[in-house]
Amino acid sequence: MSLFITFEGGEGCGKTTQAKALYGRLSRLAIPAELTHEPGGTALGSQLRRLLKTRRQDEISPEAELFLFAACRIQLVSGVIRPSLQKGKVVICDRFADSTTVYQGYGRGIGSTTIKAVNEFATRGTKPDLTVLLDIPVGKGLGRKQAKMKDRFEAEEIAFHDRVRDGYLKLAADEPERWLVIDATLPKARIGEIIWDRVNQLLNKHHLSLRH
Ligand code: TMP
């Protein structure tokens with residue numbers, strides 16, 4: 001009864017908090033779960049995360065950035081996500097391939113054919129059963145970050161973040177059965193309940209399908 005759940009959203013949307021809360025809830029119910037994140041989640045991924053998030057003098061080209069995220073993902077999918085799914089766990093991943101589609105695709109302007117091919121290669125076809133989008137107006141999300149502490153992505157211009165938000169909403173509209181879109185300005189506890197309702201439904205469905 002494996003389940004793959006991803007969390008997505010723009011800067012400051014609170015997805016890390018919600019991913020952790022969901023993991024905590026599953027653990028308290030003794031449901032085997034794995035919580036991981038992108039970029040990161042492996043030794044290589046953590047090193048690449050630092051490289052990708054730290055502001056720098058020289059520019060990383062959009063294409064190089066795309067492949068660095070893909071390298072993180074390949075390592076995470078083969079080393080953590082697939083083995084955990086094979087063990088029947090609920091895998092929760094804070095960001096996944098949809099982040100590449102919106103940040104490197106919509107944000108940086110790399111064409112969708114390239115993005116699709118790279119995502120397909122990096123994920124080896126591993127696709128989330130559920131993707132939670134915490135949707136937040138750009139100004140509000142960025143306002144939750146301290147100006148001095150902004151990383152390479154948070155420091156991008158507003159238009160970049162607007163493209164990212166629009167991209168997410170388009171993806172969600174195109175595939176409504178996979179995406180759960182939640183207003184990220186709602187109280188944290190309310191968001192947690194909305195997510196839990198959906199996850200609970202999925203867990204029941206998977207149990208039922210096992211019995212038949
Ligand atoms: P975060 O996980 O702390 O939000 O930081 C990750 C940053 O990296 C975030 O700004 C989004 C960005 N990102 C991409 O641009 N492409 C990707 O494929 C992933 C996973 C993240």
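The values are calculated or read from the model by the stated rules, or taken from the named source; none is laboratory data. Only a predicted model underlies this, so the values are computations on that prediction, with no experimental measurement involved. Methodologically, a virtual Cβ is constructed for each residue, glycine included, from the backbone with ideal geometry; neighbour enumeration extends over all protein chains shown. Areas reflect the complete protein model, heavy atoms only, side chains present, ligands, DNA and RNA absent. Shrake-Rupley method; radii C 1.70, N 1.55, O 1.52, S 1.80 Å.
Could you say whether any residue in the range 94-104 is more than 14 Å from the chain's Cα centre (by Cα), β-branched (Val, Ile, Thr) and within 13 Å of the ligand (Cβ to nearest atom)?
There is no residue in the range 94-104 that is more than 14 Å from the chain's Cα centre (by Cα), β-branched (Val, Ile, Thr) and within 13 Å of the ligand (Cβ to nearest atom).
Do you know which residues across the range 36-47 are surrounded by 19 or more Cβ atoms within 10 Å (Cβ to Cβ) and of a type outside the set (S, T, N, Q)?
His37, Glu38, Pro39, Gly40, Gly41, Gly45, listed by residue number.
So, in the range 57-105, of the ones that are aliphatic (A, V, I, L, M) and outside any helix (DSSP H, G or I), which residue ends up farthest from Gly167 (Cα to Cα)?
Val90
Is the range 67-86 home to any residue that is more than 27 Å from His206 (Cβ to Cβ), basic (Lys, Arg) and either within 13 Å of the ligand (Cβ to nearest atom) or surrounded by fewer than 14 Cβ atoms within 10 Å (Cβ to Cβ) (or both)?
So far as the range 67-86 goes, no, none of its residues is more than 27 Å from His206 (Cβ to Cβ), basic (Lys, Arg) and either within 13 Å of the ligand (Cβ to nearest atom) or surrounded by fewer than 14 Cβ atoms within 10 Å (Cβ to Cβ) (or both).
So, Arg190, is that one surrounded by fewer than 18 Cβ atoms within 10 Å (Cβ to Cβ), of a type in the set (Lys, Arg), part of a helix (DSSP H, G or I) and touching a Leu at 6+ places or on another chain (Cβ under 6 Å) or not?
no
State whether one or more residues within the range 12-30 are over 17 Å from Ala184 (Cβ atoms), part of a loop (DSSP other than H, G, I, E, B) and away from the ligand (no atom under 13 Å from the Cβ).
Within the range 12-30 (the criterion being over 17 Å from Ala184 (Cβ atoms), part of a loop (DSSP other than H, G, I, E, B) and away from the ligand (no atom under 13 Å from the Cβ)), the answer is yes, since at least one residue qualifies.
All but one of (1) within 13 Å of the ligand (Cβ to nearest atom); (2) assigned to a helix (DSSP H, G or I) hold for Leu44; which doesn't?
Every condition holds for Leu44 apart from (1).
Between a residue in the range 88-106 that is over 23 Å from Leu203 (Cα atoms) and any residue that is more than 7 Å from the ligand (Cβ to nearest atom) and assigned to a loop (DSSP other than H, G, I, E, B), which pairs come within a Cβ distance under 6 Å, given they are 6 or more apart or on different chains?
Within 6 Å, the pairs are Gln104/Ile110.
Residues are listed down the side, and each one gets a yes or a no for (1) within 16 Å of the ligand (Cβ to nearest atom); (2) open to solvent by 50 Å² or more (accessible area, probe 1.4 Å); (3) at positive phi; (4) under 17 Å from the mean Cα position of the chain (by Cα):
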| site | (1), (2), (3), (4) |
| --- | --- |
| Gly125 | no, no, yes, yes |
| Asp129 | no, yes, no, yes |
| Val132 | yes, no, no, yes |
| Asp162 | yes, yes, no, no |
| Trp179 | no, no, no, yes |
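Is it true that some residue in the range 136-145 is in a strand (DSSP E or B), more than 11 Å from the ligand (Cβ to nearest atom) and touching a helix residue (DSSP H, G or I) at 6+ places or on another chain (Cβ under 6 Å)?
So the first thing to find is which residues in the range 136-145 are in a strand (DSSP E or B), and the list is none.
Taking every residue of the range 136-145 in turn, none turns out to be in a strand (DSSP E or B), more than 11 Å from the ligand (Cβ to nearest atom) and touching a helix residue (DSSP H, G or I) at 6+ places or on another chain (Cβ under 6 Å).
Filter the range 166-177 down to the residues that are part of a helix (DSSP H, G or I) and open to solvent by 70 Å² or more (accessible area, probe 1.4 Å) and list them by number.
Asp166, Lys170, Ala173, Asp174
What number of residues within the range 99-121 are open to solvent by 10 Å² or more (accessible area, probe 1.4 Å) and touching a Pro at 6+ places or on another chain (Cβ under 8 Å)?
Qualifying residue count, the range 99-121: 3.
Of all the residues that make up the range 107-123, how many are in a loop (DSSP other than H, G, I, E, B) and either in contact (Cβ under 8 Å) with a residue 60 or more places away in the chain or in contact with a helix residue (DSSP H, G or I) (Cβ under 6 Å, 6 or more places away or on another chain) (or both)?
So in the range 107-123, the residues in a loop (DSSP other than H, G, I, E, B) come out as 108-111.
Imposing the further condition that a residue be either in contact (Cβ under 8 Å) with a residue 60 or more places away in the chain or in contact with a helix residue (DSSP H, G or I) (Cβ under 6 Å, 6 or more places away or on another chain) (or both) reduces the set to 108, 110.
The number of residues fulfilling the criteria is 2.
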